[in-house]
Each structure stands twice: as structure tokens, then as C-alpha cells.
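Q: A single structure is presented below for examination.
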Amino acid sequence: MSILITGGAGFIGSHTCIEMQNAGYDVVVIDNLDNSSSKSLERVEKITGKPVKFYKEDVRNKEALRKIFKENEIEAVIHFAGLKAVGESVREPIMYYDNNLINTISLVEVMTEFNVKKIVFSSSATVYGVATQMPLVEGMPLGAINPYGRTKLFIENILTDLFTADNDWCVALLRYFNPIGAHKSGLIGEDPKGIPNNLMPYISQVAVGKLEKLHVFGNDYKTVDGTGVRDYIHVVDLAVGHVKAIDWALKNKGCEAFNLGTGNGTSVLQLRDAFVKATGVEIPYVIDPRRPGDPDEVYANADKAKTVLGWTAKYGIDEMCEDTWRWQKNNPNGYED
Ligand code: NAD
Ligand code: UD1
């Protein structure tokens, strides 16, 4: 029996392949490589010593999905495949709705045909919209403030409706906070195309000399030092969260959302300082205006994942910085090196 991992060649997917294999699961990956390289999967195999069966296909392609379900005994699916850049989603909303929504609908249709009714979905803390209270708890009101966020919210609703209609399903909606870090081996990590939008990849590209300095987006937020506060979570902790969610889904029926975060907030300048301390590399910065739409603080209450899934994050900010740096230093141009 195998677990199908859509988007498994990507940043979180490749780390999840490792943790799934380490936990004894066989994995099959479908990825169209739009935002990744198959080298990540070769490196997964090198790290675990176990094969990853890979299909270079688009999840919207139902015939390709049927072939995979025919050729493998799939017992559950982890669904990472999707587009994830907020700014791009504002410029190209239809591309986001087409990819993220249609691929999910195709996937659950084919899963239904093959009577596979266990799915773990990559949602995001973005589904809380503009929250007025921290930490975020699963039962709080939801909303979306951009097309990317709306795709996540719609998909949560689609999967919830699916469970309502057919209680044989088990759906885990995993709401990630801010994943950073990399596998300890330094062999796999985040490999953004072009100039990174997100803070940690930006810092690490300054460190490696590809970018000149960090632009801190605003220092007048209502936070500890005026810069934005987020709940950074080590990608390996996040990957282990998927193993726990699969363990749970295989034994249960239901539809539940889980926050996967550490519960700790770290500001932009605190993360920059931690990176300098962990690596010994100076990160020059300037203070720029706020980025539109950025909230002051976002952090999780992750008690439900602990109680129901038996999962808690164990890595701290220092390890997130050290591990990001090991990957970036060894692979300044990502998988192109
Ligand atoms: P990623 O871009 O590295 O991985 C996504 C993978 O999906 C890529 O390998 C891409 O090639 C593939 N893909 C996209 N559309 C596809 C399609 N139609 N068919 C087949 N493959 C397709 O991104 P990631 O950071 O690993 O994120 C994985 C998931 O987690 C995404 O759904 C993302 O929205 C969600 N998420 C990410 C973050 C984050 O900060 N990285 C936060 C919250 C949620
Ligand atoms: C962003 C997305 C969010 C998505 C998440 C994970 C936006 C508005 N939000 O969240 O929907 O789920 O990524 O992919 O894009 N910062 C700087 N300088 C930079 C980059 C960021 O100061 O060059 C600051 C930001 O203002 C923020 C913090 O760093 O305070 C974290 O930013 P980022 O890494 O982009 O993550 P989020 O904004 O939390």
C-alpha cells in the first residue's frame, strides 16, 4: 500500500516524502514540475535509501490520475500540488482558480472512483483572513483577502462538503503557518524561482551574496520591535505533522482542521538577528514601507494538533536558521547546482 503525494517534488512535499518513508510508508509522487525539479526526489532517495515512484503529470489530468491509481495500491493522498504566490494570484486569479480548484476536484473525483477516501490537504493560516485575535484557533471565523487565500478557503469548503455528503471520508485540513528551514543533510530545501517574496529565502539569498540587502517591510507595527511577527515552523516539523495526519486519517473518519505552527511569534528583525547569530554572516538591511495587506502579528494555537494527532513542533528558530543556511550555502543556485 502506498501514499500518493501530489506536489511531492516541491519544498514541503520533498521533506514530507522523507518523513513518510522514515515512518515506513511507501510513497508515489505526482508533480508537473512547474515550480520544482525532479532532482529533489533523487535527493530524497539518496537520503532515505528508498525509491520514490514518480509521475511527471498534472493533477488536473484525470486520465493520468487513473493510471496512477491503477498501477499502485493507493490508500491515502497528501495533496500539496498548487500555486502559492500571493502577489501572482492577484495578477493572475484565473490561473490560480484553474490550478488549485480544478486539480483538487479532479483528484477527489478519481479518488472516489477508486474508493480511496482519505486526504490530507495543504491549507494555510491565510484562511483566517484578517483576524482580530491571536493566537489563531481552528474554530475562529474564516475569510480570505486575496485569490490565493480564496482558493485555500474554497478547497476547505469543497472537502468539508464532500465529507458531509459521504461520511466515509477522512479529511485533514492542515493550516500551515510560516514554513522555513531545510533537511539537516543540506541536500534539499526551498528553491524559489526569481526573487523570493518570503522573508527567510530572501535573507538566505542576501547571505549567499545573490541579493544586496534585506528590505524590512515596515517598523511601525504594534509588535515587540515594530516589525511584523509570524509563527515560523521548521519544514521537517511540518513534514512530521503530515505523517501524524496520515496515521490519524487511516484510522478515522471525519473532517478536521489543524493548525501546524509552534505557537511562538518571531519578528522580522528577530529572525534576521537569529540568522546572523546562527551563521556568522552579516545581513545588512533597510527599513522600507509596509507591504500592503500584511498584518502585525500571526501565530498559532496548535493545541488541537497535539491533542488529536499527537504532534508538536520541536525545532526552534536557531535550528531553522542553521538548516536553511546549510542548504543555501551548499546550493547557492538551488537544484541547478
Ligand atoms: P512548492 O511550489 O514548492 O510545491 C508545490 C508543488 O506542486 C510544486 O512542485 C509544483 O510543481 C507542483 N504543482 C503545482 N501545480 C500542479 C499541478 N496542477 N499538477 C501537478 N503538480 C503541480 O510549494 P510548497 O511551499 O511546497 O507548498 C506546498 C503546498 O503547501 C501548496 O499547496 C501551498 O499553497 C501550501 N502552503 C505553503 C506555504 C509555504 O509557505 N510554503 C504555506 C501555507 C500553505
Ligand atoms: C506570506 C503570504 C501568505 C502565505 C505565506 C506562506 C503575503 C501577504 N502573505 O505570508 O498568504 O501563506 O507567505 O507562503 O504574501 N518581510 C519583509 N521583507 C521581505 C519579505 C517579508 O520584511 O522581503 C516581512 C513581511 O512583512 C512579514 C514577514 O516578513 O511581516 C513574513 O513575510 P513572508 O515570509 O512573506 O510571509 P507572510 O507574509 O506571513
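The values are calculated or read from the model by the stated rules, or taken from the named source; none is laboratory data. If you're wondering where the values come from, they're calculated on a predicted model, not measured in any experiment. Glycine also receives a Cβ, built like all others from the backbone with ideal geometry; neighbour counts cover every protein chain displayed.
Q: Taking region 188-206 as the search range and keeping residues that are within 13 Å of N331 (Cβ to Cβ) and touching a Phe, Trp or Tyr at 6+ places or on another chain (Cβ under 8 Å), which one is farthest from ligand 1 (Cβ to nearest atom)?
A: In this case the residue turns out to be S204.
Q: Within the set of pairs 6+ apart or on separate chains, which have a first residue in region 278-299 that is free of Cβ contacts under 8 Å to residues at least 40 places away in the same chain, a second that is surrounded by fewer than 16 Cβ atoms within 10 Å (Cβ to Cβ), and C-beta atoms under 9 Å apart?
A: Hits for this filter: E282/V276.
Q: Right, here's the next one. Please determine, by comparing only the residues of region 31-52 that are over 19 Å from the mean Cα position of the chain (by Cα) and aliphatic (A, V, I, L, M), which one is surrounded by the fewest Cβ atoms within 10 Å (Cβ to Cβ).
A: Among those that are over 19 Å from the mean Cα position of the chain (by Cα) and aliphatic (A, V, I, L, M), it is I47.
Q: Now, a different point. Is there a residue being small (G, A, S) and closer than 27 Å to T112 by Cβ anywhere in region 60-72?
A: Yes - at least one qualifying residue is present in region 60-72.
Q: From the list G293, G265, G218, which one is modelled with pLDDT under 95 and surrounded by fewer than 23 Cβ atoms within 10 Å (Cβ to Cβ)?
A: G293
Q: Continuing with this model, one more query. Of the conditions (1) closer than 28 Å to G8 by Cβ; (2) crowded, with 23+ Cβ neighbours inside 10 Å; (3) of a type outside the set (D, E), G254 satisfies every one except a single condition; which number is it?
A: With (1) closer than 28 Å to G8 by Cβ; (2) crowded, with 23+ Cβ neighbours inside 10 Å; (3) of a type outside the set (D, E) applied to G254, the lone miss is (2).
Q: Follow-up. Only one of these conditions is not met by D26: (1) in contact (Cβ under 8 Å) with a residue 40 or more places away in the chain; (2) charged (D, E, K, R); (3) surrounded by 15 or more Cβ atoms within 10 Å (Cβ to Cβ); (4) more than 14 Å from ligand 1 (Cβ to nearest atom). Which number is it?
A: With respect to (1) in contact (Cβ under 8 Å) with a residue 40 or more places away in the chain; (2) charged (D, E, K, R); (3) surrounded by 15 or more Cβ atoms within 10 Å (Cβ to Cβ); (4) more than 14 Å from ligand 1 (Cβ to nearest atom), D26 is out only on (1).
Q: Considering only residues that are under 15 Å from Y55 (Cβ atoms) and in contact with a Phe, Trp or Tyr (Cβ under 6 Å, 6 or more places away or on another chain), look in region 29-44 and name the one that is nearest to ligand 1 (Cβ to nearest atom).
A: I30
Q: Name the one entry in V86, V52 that is more than 16 Å from ligand 2 (Cβ to nearest atom) and in contact with a helix residue (DSSP H, G or I) (Cβ under 6 Å, 6 or more places away or on another chain).
A: The conditions single out V52.
Q: Can you tell me which residue is farthest from F121 (Cα to Cα) among those in region 141-175 that are within 12 Å of ligand 2 (Cβ to nearest atom) and out of contact with any helix residue (DSSP H, G or I) (no Cβ under 6 Å at 6 or more places or on another chain)?
A: Checked region 141-175; the qualifying residue farthest from F121 (Cα to Cα) is I145.
Q: With the condition kept exactly as written, say whether any residue in region 235-242 is under 30 Å from L159 (Cβ atoms) and over 16 Å from the mean Cα position of the chain (by Cα).
A: Among the residues of region 235-242, not one is under 30 Å from L159 (Cβ atoms) and over 16 Å from the mean Cα position of the chain (by Cα), which makes the answer no.
Q: Can you tell me which residue in region 53-77 is surrounded by the most Cβ atoms within 10 Å (Cβ to Cβ), limited to those that are in contact (Cβ under 8 Å) with a residue 40 or more places away in the chain and assigned to a loop (DSSP other than H, G, I, E, B)?
A: V59
Q: Further question on the same structure: Identify all residues within region 97-140 that are away from ligand 2 (no atom under 14 Å from the Cβ), closer than 18 Å to N35 by Cβ and polar (S, T, N, Q); write none if there are none.
A: N99, N103, T104
Q: When the residues of region 287-312 are narrowed to those that are among the β-branched types (V, I, T) and in contact with a strand residue (DSSP E or B) (Cβ under 6 Å, 6 or more places away or on another chain), which ends up nearest to ligand 1 (Cβ to nearest atom)?
A: The residue in question is V298.
Q: Could you please give the count of residues in region 127-161 that are touching a residue at least 60 places away in the same chain (Cβ under 8 Å), surrounded by fewer than 18 Cβ atoms within 10 Å (Cβ to Cβ) and assigned to a helix (DSSP H, G or I)?
A: 1
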